[in-house]
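The values are calculated or read from the model by the stated rules, or taken from the named source; none is laboratory data. Keep in mind that this is a model prediction, so the values were computed, not measured. Cβ sites come from the backbone with ideal geometry, for glycine too, and all protein chains shown count toward neighbours.
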Amino acid sequence: TLFGNDQTRWTSPVPYVLDQSLDLNAKGVILKAFDQFRLKTCIDFKPRDAEEYYISIQKLDGCYSYIGRQVANGQVLSIGSGCDSKAIVEHEFLHALGFFHEQSRYDRDDFVTIVWNNILKGKESNFEKAGSDISTTHGTPYDYRSVMHYSKDAFTNGNGSTIITIDPKFQNVIGQRLEMSYYDVLELNRLYNCNSTISLNWFCGFSNGTMCRMDRCSQGNINWEMVTQVSGGPNSDHTTLPSGSGEVGYFMHVSTATGQEGDTAQLETQRMTPQRDCHIQCLQFYYYHSGNESDTLNIWIREFENEQDLTGTRRLMGQITGSQTSHWRLHHVSLNASKNFQVVFEAHKGAGRSTGGFSVDDINLYETECPHLTLQIDDFQRVLNTSASGSQIYSSRQYSSEGYAYRFAVIFYKTYFKLSVQLLSGDYDNQLEWPCLGRQMTFQMLDQTPSIQQQMTNQRSFTTSGTSWWNNPRQTGIEQFVDEKNQIVYGGPLVGFSSFAYLEETQEREFLKGGSAIFTFNFQGRSTIFSS
């Protein structure tokens, strides 16, 4: 990065203006990227009031930015055609915040070789080093996974790669465009002299047998215990699952094999304070259910009026019950705490015989909206390899906040897969605006690295625009299935990303963990694209 000084560093929150030239999809992606900065760093962003220095985000020819704070009265940052992805937006804003390209580091020759003869004529300046007189590494190692690194074939003239990694196993890693890496985040926080985050962000993976200041209590003869495995399953914690670290890990388990019907056990977090004005939190955790189908895991929040309030007010926010699981499963619970609060995991023993119980691990609590839909596919590589090309796995029918019915699909093609969304007929079709335009659809394949701060998730978005794809499926769609009310459900076309990822891409990071792949989906209306 540039040497940090008051002339080139921004003051957080960084003022910005979204120019009218920007596509609607780009605007939504930019705001999602801002949430990643808030979640992982100490940098915040705000719409400009009257500040002299601000970032003017425009749709010009390409994706580019100045390096550091350079220009008064609207420093231009371009998000042009094809630039509207989270990683590219993060890349350009890291430039604006003071980052050079990673391969411009003054020590880069120890890690990569620049093949000058393969560079497109006139583009050589993109490969110059930033000397130690104007830049610093902040003590971070050279990062092949940086979102600021060029790919191996950047600006090639067709004669071969322009960048060769000294360590060949990183040759196909450089140029990743998932999102900011761990060291990108670390270097940004060091540049701005901080180690906190803007959004509330709490994580507990029970590593090394620590409980993250959580408390336990019970009413009856069942209790939460810290364990490394359970005879009825799971055989491992979630944190260290293959493709995890392979170490022995810990998780919390409550057995319902003993005790009486109605016994409960609570696992309570410390008190936490919302940091953002929007009062939206997402609780994300993995659970394993090996007990009786009548056992329940209740998720409460307890809000406190003040420091003297020792009891608080409890509200039930979510519940898990029903069939046993054979894998760790991801679960989200949307919260809306406006005061100091704590989260309570309450196991409740139901009727009937149990040989197991409930387990929880890798808990993240953060201040952005939860995914609208989660679809987990276990034994994913086997399913991909053995399914007939074009075969699909669908989510159940869902409803957007506006009332549009839809479902999410993963479509298999042996070595790669497609993600799509399909509008369906639903209960509110007569009350809705048709065609369904200006809605942003966001698809993710989750990097299951335990802490959300260190995840590098594969995310893509598009916004519905003027084609017949988004007409009322009750009028223009075809029959799909019969619902629980014995009504025919009609569907429009499947629309999405034709090759979301190839199998080899899922081997990076922890996209497949314990054999499971996890996909999330968000369906946002015009107004919610721009809300907190």
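Side notes on the structure shown:
- Met226 vs. criteria of a type in the set (A, V, I, L, M), assigned by TED's automatic domain parsing to the domain that holds Phe341 and surrounded by 18 or more Cβ atoms within 10 Å (Cβ to Cβ): no
- Lone unmet requirement of (1) in contact (Cβ under 8 Å) with a residue 12 or more places away in the chain; (2) surrounded by 14 or more Cβ atoms within 10 Å (Cβ to Cβ) for Pro242: (2)
- Single residue of Ile411, Ile393 found to be surrounded by fewer than 17 Cβ atoms within 10 Å (Cβ to Cβ), in a strand (DSSP E or B), at pLDDT 95 or above and more than 19 Å from the chain's Cα centre (by Cα): Ile393
- Residue within segment 29-47 that is surrounded by fewer than 16 Cβ atoms within 10 Å (Cβ to Cβ), among the small types (Gly, Ala, Ser) and outside the structural domain of His138 (by TED's automatic domain parsing) present: no
- Annotation note: of Gln422, Gln453, the sole residue that is part of a helix (DSSP H, G or I), of a type in the set (S, T, N, Q) and in contact (Cβ under 8 Å) with a residue 40 or more places away in the chain is Gln453.
- Selection over segment 270-303 of residues that are within 22 Å of Ser199 (Cα to Cα) and of a type in the set (Ser, Thr, Tyr) gives a count of 2.
Conditions tested, residue by residue: (1) assigned by TED's automatic domain parsing to the domain that holds Val147; (2) exposed (fewer than 15 other Cβ atoms within 10 Å of the Cβ); (3) of a type in the set (Gly, Ala, Ser).
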site	(1), (2), (3)
Val71	no, yes, no
Ala87	no, no, yes
Phe93	no, no, no
Tyr106	yes, no, no
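- Per the conditions (1) buried (at least 22 other Cβ atoms within 10 Å of the Cβ); (2) charged (D, E, K, R); (3) in contact with a Cys (Cβ under 9 Å, 6 or more places away or on another chain); (4) over 16 Å from Ser181 (Cα atoms), the sole criterion not satisfied by Lys59 is (1).
Residues are listed down the side, and each one gets a yes or a no for (1) of a type outside the set (A, V, I, L, M, F, W, C); (2) outside any strand (DSSP E or B); (3) more than 26 Å from the chain's Cα centre (by Cα):
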| position | (1), (2), (3) |
| --- | --- |
| Thr240 | yes, yes, no |
| Val254 | no, no, yes |
| Thr258 | yes, yes, yes |
| Gln284 | yes, no, no |
| Ile301 | no, no, no |
| Glu307 | yes, yes, yes |
| Leu316 | no, no, no |
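- Count of segment 336-390 residues which are hydrophobic (A, V, I, L, M, F, W, C), part of a loop (DSSP other than H, G, I, E, B) and over 21 Å from Gly220 (Cα atoms): 3
- Close pairs (7 angstrom Cβ cut-off, 6 or more residues apart or separate chains): in contact (Cβ under 8 Å) with a residue 60 or more places away in the chain in segment 104-117, surrounded by 12 or more Cβ atoms within 10 Å (Cβ to Cβ) and in a strand (DSSP E or B) anywhere: Val112/Ile163; Val112/Ile164; Val112/Thr165
- Residue pairs whose Cβ atoms lie under 6 Å apart, sitting 6 or more positions apart in sequence or on different chains, and linking a residue in segment 156-173 that is on the phi > 0 side of the Ramachandran plot to a partner that is modelled with pLDDT of 95 or more, are Gly160/Asn118.
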